[in-house]
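Worksheet: the structure to be examined is printed underneath.
Every read-out reported here was derived from the displayed coordinates using simple, explicitly stated rules and does not represent laboratory data. Small disclaimer: the values here were computed from a predicted structure and weren't measured. Positions of Cβ are generated from backbone atoms using ideal geometry, with glycine treated the same way; all protein chains shown enter the neighbour counts.
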Amino acid sequence: MITNKWQFWLGGGLSVGLLLLLLYQVDMGELEDALRNADHVLLAPSIVVYFIAVFFRALRWRYLLTPIGLFPVRRLYPVVIIGYMANNLLPVRLGEFVRSYLLARQEDVKATSALATIAVERVYDGITLLAFAALSAPWLLLLGEFDGAADISRTTGLLFLAGTIAAFGVLLAVFTLLGSSPAFADRMEGWLNVVPAGPGPQAKKLFRTFVAGLAVLSSPSKHLALFFYSLPVWLLECSMYFMLAYSFGIDEHFDSVGVLLLVVLLLTATSNLATSVPSAIGGIGPFEIVAQQTLMSLGVGASLAGAYSGFMHLVALWLPVNLAGLALLWKNNLSLREMSAASRADSLKSASSPAGDGD
């Protein structure tokens with residue numbers, strides 16, 4: 001097994017269960033027709049756009065890593081691809097550990113500090129997606145696009161949005177205080193005194209190296225810069241949703257291109273926020289079911305919404321980066337199994353190492 005058995009079965013079970021729930025709601029004949037009749041000519045350019053978005057992810061990561069060191073994007077880009085591939089193939093977002101471990105092997109950094117920058121990256125992904133939802137949902141509501149949705153669907157959506165905003169808000173506040181206030185970091189470190197004497201010093205070293213990776217959050221201007229670094233990442237991904245919406249004829253359900261753009265902004269936000277819970281393998285299941293339900297709440301049929309959601313995630317987003325990541329592993333003679341096992345242990349080891357743990 002690449003990872004612990006319980007993690008694999010938990011993630012796999014959740015993915016299968018949610019996909020079965022999606023299939024329960026669709027007519028299989030209509031689902032097959034939607035997949036067969038889709039115009040797949042826009043698939044290739046959408047995949048190209050995805051890898052351009054990954055470039056901007058690498059650019060944003062370079063900015064996050066500046067307190068630790070200066071690294072060229074051309075060296076970070078393949079590390080990001082391998083990390084996303086590992087996230088897609090391993091449960092509970094273990095690909096984040098693989099990415100930080102790989103960077104630590106390649107450069108003179110500590111894996112735990114690199115992991116902290118990835119945590120900040122994920123928080124800003126959430127903030128950007130929430131901004132998309134906050135921009136699009138009220139306009140769609142005013143335009144009457146949700147009029148066909150049941151009251152329970154609207155209530156569930158509002159509760160999901162409120163809970164997500166609260167979670168990302170708390171994380172951002174804590175990370176900002178840790179990165180900008182030594183006094184707050186000292187108080188948080190003091191809470192680790194409850195850890196037994198044996199692992200206690202190691203836990204504190206691990207905490208300090210993690211805090212070092214949060215130094216980029218030390219000022220409001222840096223927060224603003226991170227938000228603007230995140231915009232091209234998600235606007236490019238939005239354009240993928242937009243192109244494939246035309247491929248599947250989703251545009252025919254809406255009156256104008258402007259309305260479709262708002263739908264795509266909301267769909268990008270809800271489907272990706274659903275995968276922020278680190279459980280299902282590669283986000284498979286949560287992405288499809290939330291994307292389908294979002295489209296259904298806007299008047300798209302269950303079968304068409306399910307076909308589009310599954311194709312969007314598995315064929316356009318999931319498969320290409322996996323193939324690229326596996327090719328990079330083969331080219332560099334790396335093993336995902338070995339990196340997955342070593343990355344978690346290396347996070348602890350790097351905390352006690354006086355230098356970075358690059359090879």
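Worth pointing out:
- Quick note on the range 217-350: its Rg to Rh ratio, both from C-alpha atoms and Rh being the Kirkwood radius, is 1.06.
- Counted by Cβ distance under 9 Å from GLY69, the other residues give a net charge of -2, where Lys and Arg count +1 and Asp and Glu count -1.
- Two-site label geometry, SER221 and VAL41: point separation in nm, points 7 Å out along Cα→Cβ: 4.9
- Cα pair distances of the range 223-302 binned at 5 Å [whole percent]: 3, 14, 22, 23, 19, 11, 5, 2
- The label point for ARG75 and the one for ARG208, both projected 7 Å from the Cα toward the Cβ, are 2.6 nm apart.
- Ordering of 245-253, 323-331 by burial proxy (mean other Cβ atoms within 10 Å per residue, highest first): 245-253, 323-331
- The slack in the chain from LEU21 to VAL315, taken as 0.36 nm per residue of separation less the alpha-carbon distance, amounts to 103.9 nm.
- Förster radius 56 Å - calculated FRET efficiency between LEU142 and GLN106, Cβ distance, rounded to 0.05: 0.70
- Extension gain (nm, one decimal) between VAL194 and VAL257, 0.36 nm per residue minus Cα-Cα: 17.0 nm
- Bins of 10 Å, starting at 0 and running to the largest distance - Cα pair percent for the range 96-136: 31, 34, 21, 12, 1
- Footprinting exposure proxy for ASP39, ASP125 (fewest neighbouring C-beta atoms within 10 Å first): ASP39, ASP125
- Between LEU235 and ALA327, the contour length at 0.36 nm per residue exceeds the Cα-Cα span by 30.4 nm.
- Modelled spin-label separation between SER335 and TYR246, with each label point placed 7 Å from Cα along the Cα-to-Cβ direction: 4.7 nm.
- Count Lys and Arg as plus one, Asp and Glu as minus one, and take only other residues whose Cβ is under 13 Å from that of HIS313; the net charge is then -2.
- Positive minus negative residues near ASP186 (Lys, Arg vs Asp, Glu; Cβ under 13 Å): +2
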